[in-house]
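So the structure is just underneath, and the comments pick up after that.
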Amino acid sequence: EVQLVESGGGLVQPGRSLKLSCVASGFTFSTYGMNWIRQAPGKGLEWVAYISSGSSYIYYAETVKGRFTISRDKAKNTLYLQMTSLRSEDTALYYCARETPGGYFDYWGQGVMVTVSS
Amino acid sequence: DIQMTQSPASLSASPEEIVTITCQASQDIGNWLVWFQQKPGKSPQLLIYSATNLADGIPSRFSGSRSGTQFSLKISRLQVEDTGIYYCLQRYSNPRTFGGGTKLELK
């Protein structure tokens with residue numbers, strides 16, 4: 001069974017950093033691209049970042065470029081999102097999602113909440 | 001960036017009705033269009049990929065179509081469990097962009 005489990009969220013002050021993790025199981029992690037998507041409270045979905053299966057291709061939304069870094073560890077079957085210089089507008093539920101070669105997100109985690117507030 | 005204009009923002013329909021949700025892409029995206037359903041308090045679930053292909057385990061009352069840069073999600077014979085918010089996503093280019101969502105309520 002494919003599972004994606006996010007962790008690392010919490011309450012953080014503006015300007016500080018936080019690192020999210022997404023542990024994958026039930027599939028060959030190293031063969032799939034992965035995404036982070038977020039959802040602010042009561043709002044729609046916003047794509048955040050993508051990393052290809054071999055980490056060769058990485059893309060970011062303009063709203064996080066230069067502040068967030070997506071990475072992955074094949075040995076640990078884990079996807080990461082390092083978030084720095086956090087702003088109040090980064091407050092959201094963060095999901096990781098698997099991307100198939102056909103370009104669709106077929107499995108999502110349950111999400112982890114990040115709250116940026118003083 | 002490619003803009004995805006989704007409509008309507010909300011709709012209310014009765015069981016067994018047919019509803020259609022549309023997403024208009026700001027430029028050609030081929031068939032790189034995906035539809036998701038998000039039920040309250042849950043993660044999004046894949047419904048349709050490559051504009052017209054039904055995802056595994058999704059009832060056949062859901063269908064997707066494309067006409068140029070306009071994409072549609074049709075739900076036939078609406079069921080109570082279809083309540084939720086529906087999103088489209090373009091996967092043609094980066095940044096990937098979602099539509100604003102359509103909130104579907106059953107009467």
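The values are calculated or read from the model by the stated rules, or taken from the named source; none is laboratory data. Predicted model, so just to flag it, every value in this text is computed and none were measured. Virtual Cβ from ideal backbone geometry, glycine too; neighbours counted across all protein chains shown. Protein only, heavy atoms only, side chains kept; ligands, DNA and RNA dropped before computing areas. Shrake-Rupley method; radii C 1.70, N 1.55, O 1.52, S 1.80 Å.
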Task: Subset of the stretch A:21-48 (residues that are of a type outside the set (Lys, Arg), within 20 Å of residue B:38 (Cβ to Cβ) and part of a strand (DSSP E or B)) - done: A:22, A:34, A:35, A:36, A:37, A:39, A:45, A:46, A:47, A:48
Task: Subset of the stretch A:86-100 (residues that are open to solvent by 30 Å² or more (accessible area, probe 1.4 Å) and in contact (Cβ under 8 Å) with a residue 60 or more places away in the chain) - done: A:87, A:88
- [ ] Output the number of the condition that residue A:19 fails; it satisfies all remaining conditions of (1) open to solvent by 30 Å² or more (accessible area, probe 1.4 Å); (2) without any contact (Cβ under 8 Å) to a residue 60 or more places away in the chain.
- [x] (2)
Task: Index of the failed condition, residue A:30 passing every other in (1) within 22 Å of residue A:102 (Cβ to Cβ); (2) surrounded by fewer than 16 Cβ atoms within 10 Å (Cβ to Cβ); (3) within 12 Å of the chain's Cα centre (by Cα) - done: (3)
TODO: Can you tell me which residue among B:14, B:50 is surrounded by fewer than 15 Cβ atoms within 10 Å (Cβ to Cβ) and of a type in the set (S, T, N, Q)?
DONE: B:14
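Residue-by-condition table, conditions (1) closer than 17 Å to residue A:7 by Cβ; (2) free of Cβ contacts under 8 Å to residues at least 40 places away in the same chain:
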position: A:44; (1), (2): no, yes
position: A:61; (1), (2): no, yes
position: A:64; (1), (2): no, yes
position: A:84; (1), (2): no, no
position: A:107; (1), (2): yes, no
position: A:110; (1), (2): yes, no
position: A:114; (1), (2): yes, no
Task: Residue count for the stretch B:62-91, restricted to those that are crowded, with 17+ Cβ neighbours inside 10 Å and either within 14 Å of chain A (Cβ to nearest Cβ) or aliphatic (A, V, I, L, M) (or both) - done: 13
Task: Filter pass, residue A:78 being within 13 Å of chain B (Cβ to nearest Cβ), of a type in the set (Ser, Thr, Tyr) and open to solvent by less than 20 Å² (accessible area, probe 1.4 Å) - done: no
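Can you name the strands (runs of 3 or more DSSP E) wholly within chain B that have at least 1 residues being among the aromatic types (Phe, Trp, Tyr) and at pLDDT 95 or above? Full working, then the answer.
On the way: elements: B:4-7, B:10-13, B:19-25, B:33-38, B:45-49, B:62-67, B:70-75, B:84-90, B:102-106.
Filter on chain B gives B:33-38, B:45-49, B:62-67, B:70-75, B:84-90.
Kindly indicate the residue of the stretch A:50-64 that is more than 8 Å from chain B (Cβ to nearest Cβ) and of a type outside the set (Ser, Thr, Tyr) and also nearest to residue A:94 (Cα to Cα) among those meeting that condition. Explain how you work it out, then say what you get.
Pass one, the stretch A:50-64, residues more than 8 Å from chain B (Cβ to nearest Cβ): A:51-58, A:63-64.
Imposing the further condition that a residue be of a type outside the set (Ser, Thr, Tyr) reduces the set to A:51, A:54, A:58, A:64.
Details: A:51: 16, A:54: 22, A:58: 18, A:64: 13 Å.
Out of the qualifying residues, it is A:64.
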TODO: Look at the stretch A:87-108 and say how many of its residues are out of contact with any Pro (no Cβ under 8 Å at 6 or more places or on another chain), more than 7 Å from chain B (Cβ to nearest Cβ) and outside any strand (DSSP E or B).
DONE: 4
